[in-house]
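Computed from the coordinates by the stated procedures, all read-outs in this text should not be read as laboratory data. Here the structure is a predicted model, which is why all the values come from computation and not from measurement. With ideal geometry, Cβ positions are generated from the backbone for all residues, glycine too; neighbour counts draw on all protein chains shown.
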Amino acid sequence: MIKELKILLAFPRGFCAGVDRAIEIVKKTLIKYGPPVYVRHEIVHNTQVVKNLKKLGAIFVEELNEIKDTSRPVIFSAHGVPKSVPKEASNKKMFYIDATCPLVTKVHREAEFLYKKGYEVILVGHKDHPEVLGTMGQLPKNTIKLVETVRDVENIDIKEIKKPIAYVTQTTLSVDDTKKIIETLKIKFPKIKSPVKEDICYATTNRQEAVKKIAPLCDMFFVVGSKNSSNSQRLVEVAKKSGCVKSELIPFSENLPINSIIKCKKIGITSGASAPEQLVQNIILELKKHCKVSIEEIILTKENVTFKLPRLLN
Ligand code: SF4
């Protein structure tokens with residue numbers, strides 16, 4: 001007898017407005033200027049997206065000095081870049097297009113504004129993530145203090161803080177973990193200045209809230225996304241903390257643990273903000289080969305955020 005399996009599908013899931021825009025920028029640049037077009041760093045953290053764009057003529061590099069033909073356009077990824085990068089491109093007389101998500105740019109401008117107003121700026125984020133490197137690179141070297149954990153906040157030496165203090169955050173953090181870090185900051189520095197509007201973006205928040213709703217109801221939970229995707233990794237953590245200990249990241253349908261899944265009655269699926277919907281559908285197709293599948297989409301909220309493309313690509 002074929003096994004019955006219920007899938008709770010999270011909504012919203014998958015592409016956010018910043019990812020949509022960044023991918024469109026690469027595609028439109030390829031159409032307007034022809035291939036090849038260089039992209040500094042993965043445009044968004046998803047293997048499939050990168051593979052598809054490579055087929056269209058995008059060449060991915062980590063640094064500008066890897067670019068062989070500097071007469072070709074170069075695009076900066078959605079995660080944002082330190083100020084040194086556009087400066088280097090200008091020095092090399094390269095034509096560049098910035099695909100930084102406008103919500104990351106908002107954090108950049110916020111950090112810069114606070115620094116100019118004389119604040120000591122704390123950044124809550126993950127060391128070495130490209131977005132964090134980009135935000136830190138908006139200010140002179142060693143002027144932003146990075147904290148990753150509550151412990152990092154506890155370890156700040158108050159005597160070293162000579163100026164008023166303010167914080168900004170990475171956009172793709174865990175909402176709950178960040179709340180604890182911010183609470184600790186506020187206890188330690190009661191006058192600390194908060195961002196006018198939350199830095200963790202709407203897409204990160206909505207995807208995490210949808211997971212919190214579904215994960216406790218599931219025997220297993222899957223987040224479709226690539227290993228280097230910060231927001232996808234956070235969704236796995238959120239699912240585990242919400243009560244579904246058997247939660248994992250699935251880059252492709254080939255990675256599904258079918259033997260464990262067929263022992264389940266109900267599983268949950270979502271996808272990170274950089275994962276194409278096609279990957280979710282491939283996973284469902286694969287599951288249908290092994291089980292009699294019924295799907296219920298659980299809608300937390302509808303999103304209607306869109307970002308304009310740079311004017312020269314319209
Ligand atoms: S996850 Fe948020 S900040 Fe990152 S690209 Fe998407 S909308 Fe922008």
**Request:** Quote the FRET efficiency, to the nearest 0.05, computed for E88 versus S294 with a Förster distance R0 of 41 Å and r equal to the Cβ-Cβ distance.
**Result:** 0.15
**Asked** Size of the dipole of the chain about the Cα centre, Lys and Arg at +1 and Asp and Glu at -1 on the beta carbon, nothing else charged, in debye to 20?
**Response** 400
**Complete:** Per the rule of 0.36 nm per residue minus the C-alpha distance, extending Y33 to N52 adds in nm 5.0 nm
**Fill in**
the stretch 11-169: Kirkwood hydrodynamic radius (Cα pairs, Å) comes out at 17.0
**Item:** Violating pairs (Cα-Cα greater than 27 angstrom) within the set K83/K186; K6/K179; K51/K240; K106/K302; K141/K191; K180/K227
**Value:** K83/K186; K6/K179; K51/K240
**Message:** Explain nothing, just the number: dipole magnitude of the stretch 27-105 about its Cα centre with +1 on each Lys and Arg Cβ and -1 on each Asp and Glu Cβ, in debye rounded to the nearest 20.
**Reply:** 300
**Prompt:** Points 7 angstrom from Cα along the Cβ direction at K180 and Q281: gap in nanometres?
**Reply:** 3.9
**Item:** Within the stretch 100-131, backbone nitrogen closer than 16 Å to the virtual label 7 Å beyond the Cα of E160 toward Cβ
**Value:** 120-125, 127
**Asked** Mind checking the log10 I(q)/I(0) for the chain at q = 0.16 Å⁻¹? Debye, one equal scatterer per Cα, no solvent, two decimals.
**Response** -1.27
**Asked** Exactly which GluC sites (Glu not before Pro) in the stretch 244-314 are in a DSSP loop and have at most 15 other Cβ atoms within 10 Å?
**Response** E303
**Request:** Over the chain, calculate the relative contact order: mean separation of alpha carbon pairs under 8 Å at least 6 apart, over the residue count, as a percent.
**Result:** 27
**Message:** Going by Cα centres, the stretch 158-231 and the stretch 75-144 are how many Å apart?
**Reply:** 19
**Item:** trypsin sites (Lys or Arg not before Pro) restricted to the stretch 1-91 and DSSP loop, no more than 15 other C-beta within 10 Å
**Value:** K68, K83
**Request:** Find the relative contact order for the stretch 113-195 and round it to a whole percent, using C-alpha pairs within less than 8 Å whose residues are 6+ positions apart.
**Result:** 37
**Request:** Rank by packing, highest mean first: peptides 103-110, 234-241, with packing defined as the count of other Cβ atoms within 10 Å averaged across residues.
**Result:** 234-241, 103-110
**Asked** How high is the FRET efficiency from N65 to F95, r the C-beta distance, R0 22 Å, rounded to 0.05?
**Response** 0.85
**Prompt:** Any idea what the dipole of the stretch 159-314 comes to, in debye rounded to 20, about its Cα centre with Lys/Arg Cβ at +1 and Asp/Glu Cβ at -1?
**Reply:** 620
**Prompt:** Taking springs between alpha-carbon atoms closer than 10 angstrom, which of P73, P195, P140 fluctuates most in the Gaussian network model of the chain?
**Reply:** P140
**Complete:** Computed on Cα atoms only, the convex hull of the stretch 52-114 has an orientation-averaged projected area in nm² of 4.9
**Calculated from backbone phi, Karplus (6.51, -1.76, 1.60) coupling profile of the stretch 258-266 in Hz, x at Gly/Pro** = 4, 4, 6, 5, 5, 8, 8, 9, 9
